[in-house]
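Here's the structure, in structure tokens; my notes come after.
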Amino acid sequence: MRQAVVDRTTKETEIHVEILPEKTVAEINTGIGFFDHMLTALSVHGGFGLIVRVKGDLSVDCHHTIEDTGIVLGKAFHEALGDKGGIARYGSFYVPMDEALGFCALDISGRPYLVFDASFPEERIGGYDSCMTEEFMRAFAFNAGITLHLRAVYGKNSHHITEALYKALGHALKEAVMPLGEGTPLSTKGVL
């Protein structure tokens, strides 16, 4: 994985993302406190530095800010992974968060797909709509070129369920980008 910087400006959002593979910094400011907390968890548990600055139309709601951040973060990961040569490619991880258990399995395949199996008892967590977890994950997976499966195995608290999923994603990504020492992608085809 290498450093990547991606900027995107629309009429709804202005987003700057940096992925720093050798750093442990997490500087996140999206204007949504809980979302900042989740992106920080993703960075810390993924073992990569992350800088995210977002100005979004929060007067409308949180949707554009969260989904568009997923788009830009996905594009940054796609750039950081290059031809995907020499990495483990697959990752999976369970994360317990108090009464909740989250699971993530992924394949850095170049074939984007999302399977999302989670429900949230509370509709909102601060300024974050719980349903936006799926929207963020879809935007991230499709723009990163990742086959992503996420499941809330169980849980009763939306904060804990959501945090378990973001942390599980971080750990699965960390596992998938581990270097294998070879320069070619892990594929029977020789390319992804």
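Every number here is computed from the coordinates shown, using simple stated rules; none is lab data. Predicted, not measured: the structure shown is a model, and the values here were computed from it. Note that each Cβ is placed from the backbone with ideal geometry, even for glycine, and that neighbours are counted across all protein chains shown.
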>> Using only the alpha-carbon atoms, how far is helix 158-176 inclined from the longest principal axis of the chain? Give it as 0 to 90 degrees, nearest 10.
In response: 10
>> Testing the spin-label approximation: label points 7 Å from Cα along Cα→Cβ at V115 and Y90. State their distance in nm.
In response: 1.3
>> Rounded to the nearest 5, what % of DSSP beta bridges with both residues in segment 99-175 are antiparallel?
In response: 65
> In the structure shown, do any of K23/K75; K84/K167; K55/K156; K11/K167 have a Cα-Cα gap over 29 Å, and if so which?
Replying inline: K55/K156; K11/K167
> Quick one: Karplus J couplings for segment 66-73, per residue in order, coefficients 6.51, -1.76, 1.60, θ = phi - 60°, nearest Hz, x for Gly and Pro?
Replying inline: 6, 5, 5, 5, x, 4, 5, 5
>> Shape verdict for the chain, please, from the Cα gyration tensor: rounded (a/c under 1.5), prolate (a/b greater than b/c) or oblate.
In response: oblate
> Which residues does a label at D7 reach in segment 39-57, if reach means a backbone N under 19 Å from a point 7 Å past the Cα toward the Cβ?
Replying inline: 50-57
>> Apply the Karplus curve 6.51 cos²θ - 1.76 cosθ + 1.60, θ = phi - 60°, to the phi angles in segment 136-146 and return the couplings in whole Hz, x for Gly and Pro.
In response: 4, 4, 5, 4, 5, 4, 5, 8, 8, x, 10
